[in-house]
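Chemist: Got a structure here, written out as structure tokens. Questions coming.
Readers should treat all values here as calculations from the given coordinates under stated rules, not as data from a laboratory. This one's a predicted model, so the numbers in the text were calculated from it and none came from an experiment. When we count neighbours, we look across all protein chains shown, and the Cβ atoms used for this are built from the backbone with ideal geometry, even at glycine.
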Amino acid sequence: MSHKIQARRERIMSLLEFIKDHGGLRFDQIVGKWGFETGISPLSIKNYLKVLINAGVVVTRGWYGEEEYYYKDDPKLNNS
């Protein structure tokens, strides 16, 4: 696996772990917390979230622009 692909994979997995630990955050909150910690741009974070959503491991809840991001097995999803 090339270095660039491996680095991208590690960033995506790091974002997944962050969402597992902090489920229910909106995009701007994810950028503010995880993006600030890692120095990753909001555009890259948006693309990583798309990858995780398309893979089925992250789900959203809420209205467009106010979506909250959750890990697929997050117990908070059952409290609606």
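Chemist: So Ile45 clears everything in (1) touching a Gly at 6+ places or on another chain (Cβ under 7 Å); (2) of a type in the set (A, V, I, L, M); (3) closer than 22 Å to Pro75 by Cα except one condition, right? Which one?
Modeler: (3)
Chemist: List, please: which pairs have Cβ atoms under 9 Å, are six or more places apart or on different chains, and start with a residue in the range 64-79 that is under 16 Å from Leu15 (Cα atoms) and touching a residue at least 40 places away in the same chain (Cβ under 8 Å) and end with one that is β-branched (Val, Ile, Thr) and assigned to a loop (DSSP other than H, G, I, E, B)?
Modeler: Listed by first residue and then by second, the contacts come to Tyr71/Val57.
Chemist: Under 6 Å by Cβ, and 6 or more places apart or on different chains, what pairs join a residue from the range 1-12 that is within 13 Å of Val51 (Cα to Cα) with one that is assigned to a helix (DSSP H, G or I) and not hydrophobic (A, V, I, L, M, F, W, C)?
Modeler: What qualifies is Ile12/Tyr48.
Chemist: Which residue is farthest from the chain's Cα centre (by Cα), if the candidates are limited to the range 61-76 and must be under 18 Å from Glu17 (Cβ atoms) and surrounded by 10 or more Cβ atoms within 10 Å (Cβ to Cβ)? Let's see the steps before the verdict.
Modeler: Restricting attention to the range 61-76, the residues satisfying the condition of being under 18 Å from Glu17 (Cβ atoms) are 68-76.
Still in the list and also surrounded by 10 or more Cβ atoms within 10 Å (Cβ to Cβ): 68-74, 76.
Values: Glu68: 10, Tyr69: 7, Tyr70: 8, Tyr71: 8, Lys72: 11, Asp73: 14, Asp74: 13, Lys76: 16 Å.
Per the stated criteria, the residue is Lys76.
Chemist: Gly23 is checked against (1) in a loop (DSSP other than H, G, I, E, B); (2) without any contact (Cβ under 8 Å) to a residue 40 or more places away in the chain; (3) in contact with a strand residue (DSSP E or B) (Cβ under 9 Å, 6 or more places away or on another chain) and fails just one. What number does that condition carry?
Modeler: (2)
Chemist: How many residues does the range 26-63 contain that are in contact with a strand residue (DSSP E or B) (Cβ under 8 Å, 6 or more places away or on another chain), part of a loop (DSSP other than H, G, I, E, B) and over 18 Å from Arg11 (Cα atoms)? Quick ask: steps written out before the conclusion?
Modeler: Narrowing the range 26-63 to residues in contact with a strand residue (DSSP E or B) (Cβ under 8 Å, 6 or more places away or on another chain): 26-27, 30, 33, 49, 52-53, 57-62.
Applying the additional criterion that residues be part of a loop (DSSP other than H, G, I, E, B) yields 57, 62.
Of the ones still in play, those that are also over 18 Å from Arg11 (Cα atoms) are 62.
So the answer is 1.
Chemist: Next up: I'd like to verify a number: residues in the range 26-49 that are in contact (Cβ under 8 Å) with a residue 12 or more places away in the chain and either among the hydroxyl-bearing types (Ser, Thr, Tyr) or exposed (fewer than 12 other Cβ atoms within 10 Å of the Cβ) (or both), how many?
Modeler: 3
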